[in-house]
Amino acid sequence: MKEDILILAIESSCDETAASVVKNGRTVLSNVIFSQIALHTQYGGVVPEIASRKHIEKINQVISEALQQAGVTLAEIDAVAVTYGPGLVGALLVGVATAKALAFAAKKPLIGVHHIEGHICANYITNPELEPPFICLVVSGGHTHLVRVTDYGKYEILGRTRDDAAGEAYDKVARAIGLGYPGGPKIDKLAKEGNPKAIPFPRAHVADAPYDFSFSGLKSAVLNYLNSCEMKGEPVNPADVAASFQDAVVDVLVTRAIMAVKESGMNRFAIAGGVASNSAIRSAFTERCRQEGIVFYRPEPVFCTDNAAMIGSAAYYEYQNGVRHGWDLNAIPNLKLGER
């Protein structure tokens, strides 16, 4: 019986074209990412049509480079994995069509992977000792989920955002204070120069769902503050706005997540997603978990943002669970976690 399982994984759900070869779910042999950030910055955000066209231009090149860096051929791969949702439908379709073509031509199994499941599994790459069950907070541009990971491939959503995702709020606030796109890293950097207690921005609580999040009110409070200052002719300190906004986001994320961990009876907690690379969020969780005696896991920053290695990790456990997809696999832009 073959000891090592090699997965060729493809990720194209938004504006990164990525391919990776992953061995046994936790060892990354290659991780190639072509980012389109510079291309979309001039528009203030991702333009779906442009993203799709750039994926078409780059995807074969990125896959070839991933195989070359890993030192393997397509014939040596055990399965081809691809993100099939959620995400931008055009961008997803490029990856799905390419993965199907490769798997069909090479006579390899095809495995469709949920993008959020990939983010969660990024923790297995950085933390090879981590095993389910544990609680995971997924924070990205499109999602804010509190998830109980009961087993490999088995998830229970405890809470989610009722409106804006945390990353979406970061982008909108960054645009409002003139930082541009992408907002998350720019606010994180500027916030270090400001006073996080300068402006008392609100922390929203969802009465009937203690683990849910809401960031639209916070975003509106920031915009109202900026408008009020403009109307009164008062100066605005962008660093204080960034720091105070980020302090509110971090406070809500930490409070909800730690409550979920303690009430679950577990002592293992992980974060995932692009916003999980934020230095203030990582620092706050590190300190709070230390205080509460909770073991804290987080992926390296390169595995927080969109990448194919995390898809290869998730696909390995799907492969072991017998999951295979047919040639009718399609992109599902609003795919829910736990759906097949």
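The values are calculated or read from the model by the stated rules, or taken from the named source; none is laboratory data. Everything quoted here is computed from the prediction, not taken from an experiment. Every residue, glycine among them, receives a Cβ derived from its backbone with ideal geometry; neighbour counts consider all protein chains shown.
Of note:
- Residue in region 252-274 that is modelled with pLDDT under 95, in contact with an Asp or Glu (Cβ under 6 Å, 6 or more places away or on another chain), within 22 Å of ILE157 (Cα to Cα) and part of a loop (DSSP other than H, G, I, E, B) present: no
- Here region 209-245 is the region considered, the condition is being among the small types (Gly, Ala, Ser), out of contact with any Gly (no Cβ under 8 Å at 6 or more places or on another chain) and within 20 Å of GLY180 (Cα to Cα), and the residue that is surrounded by the fewest Cβ atoms within 10 Å (Cβ to Cβ) is SER220.
- Of the candidates VAL32, VAL46, the single residue that is over 30 Å from GLU76 (Cβ atoms), crowded, with 17+ Cβ neighbours inside 10 Å and in contact (Cβ under 8 Å) with a residue 24 or more places away in the chain is VAL46.
- Residues of region 300-321 classified as part of a loop (DSSP other than H, G, I, E, B) and either in contact with a Ser or Thr (Cβ under 9 Å, 6 or more places away or on another chain) or at pLDDT 95 or above (or both), total: 6
- Taking the listed residues GLY142, GLY167, GLY153, GLY178, the one that is on the phi > 0 side of the Ramachandran plot, within 18 Å of the chain's Cα centre (by Cα) and in contact (Cβ under 8 Å) with a residue 40 or more places away in the chain is GLY153, with no other qualifying.
- Residues of region 280-322 satisfying the condition of being closer than 23 Å to PRO86 by Cα, buried (at least 17 other Cβ atoms within 10 Å of the Cβ) and β-branched (Val, Ile, Thr): THR305, ILE311
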